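First comes the structure, then the notes that go with it.
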Ligand SMILES: [Fe+2]
């Protein structure tokens, strides 16, 4: 089997029944910048090099539409496409150049929990100016999924997409890398047998920017779910909020960077979720 490396998480897409409110939230309160509108969807950039890190799509449901992973080359897409088909993975859209805004070639498949995974190459760069913001996230950093069958989902991300396990809190959550970032995808044991999104994390430049973000989030009345705190796995600073559709989104920074030959770490202690143990509503999962 050819080795294919997913290079990075390119972006995340949300469905929304409330496009204008969500767009206002991510622009005026979360700190992103609308980059393009295409077929009624709005694409938002961060203060980094990517064309977009988030897109919002009008729908009759709210929640995760897809996560978008980038591979370096078109031939990687061809190899992955063949691998997915051979394994019986549902391929929603075959390889096409007529994909989402800001991408070159792309295709989409469905993971064993029903999450849509887009795999793209030739992701465009940001253009134009970025408006004034008190908060400017740099990028989207990671996605955490909840699963009633984490072992099955793990096999998909490892065997199909070549993610590697970096850390596990046994029976609670596992973390997977595709580059030096400690986790680009994590899979948490579902508490209610529901599969789907736990949260999406957006990265701030450093702890000063993260601190400012938390201050202004409070000023603007964002609904804080949990935090602030610092995770054990990944060592990143975190604080969780809800957007207008109740998706949980995180401001994070200082996530650990690791070598690809680092052996995975295993824990049994759920309190590793917050080494500050600040007990500010944190439920040990998000
Ligand atoms: Fe996170």
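The values are calculated or read from the model by the stated rules, or taken from the named source; none is laboratory data. Everything quoted here is computed from the prediction, not taken from an experiment. All Cβ positions, glycine included, derive from the backbone under ideal geometry; neighbour counts span all protein chains shown.
Worth pointing out:
- Residue within segment 32-40 that is within 14 Å of residue 139 (Cα to Cα), assigned by TED's automatic domain parsing to the domain that holds residue 52, outside any strand (DSSP E or B) and touching a helix residue (DSSP H, G or I) at 6+ places or on another chain (Cβ under 6 Å) present: yes
- Subset of segment 206-216 [surrounded by 15 or more Cβ atoms within 10 Å (Cβ to Cβ) and either within 16 Å of the ligand (Cβ to nearest atom) or in a loop (DSSP other than H, G, I, E, B) (or both)]: 210, 213, 214
- When each of 226, 262 is tested for being part of a strand (DSSP E or B), in contact with a strand residue (DSSP E or B) (Cβ under 9 Å, 6 or more places away or on another chain), touching a residue at least 60 places away in the same chain (Cβ under 8 Å) and within 22 Å of residue 171 (Cα to Cα), the lone residue that passes is 226.
- Answer from 221, 234 - the residue that is within 16 Å of the ligand (Cβ to nearest atom) and either on the phi > 0 side of the Ramachandran plot or modelled with pLDDT of 95 or more (or both): 234
- Residue check for residue 102: touching a strand residue (DSSP E or B) at 6+ places or on another chain (Cβ under 7 Å), at positive phi and assigned to a loop (DSSP other than H, G, I, E, B): yes
- Segment 137-162 - residue that is away from the ligand (no atom under 16 Å from the Cβ) and not in a helix (DSSP H, G or I) and, of those, surrounded by the most Cβ atoms within 10 Å (Cβ to Cβ): 161
- Selection within segment 1-27 - in contact with a helix residue (DSSP H, G or I) (Cβ under 6 Å, 6 or more places away or on another chain) and more than 22 Å from residue 78 (Cα to Cα): 16
- All conditions in (1) within 26 Å of residue 245 (Cβ to Cβ); (2) assigned to a helix (DSSP H, G or I) hold for residue 76, with the sole exception of (1).
- Answer from 219, 203, 250 - the residue that is under 15 Å from residue 31 (Cβ atoms) and exposed (fewer than 14 other Cβ atoms within 10 Å of the Cβ): 219
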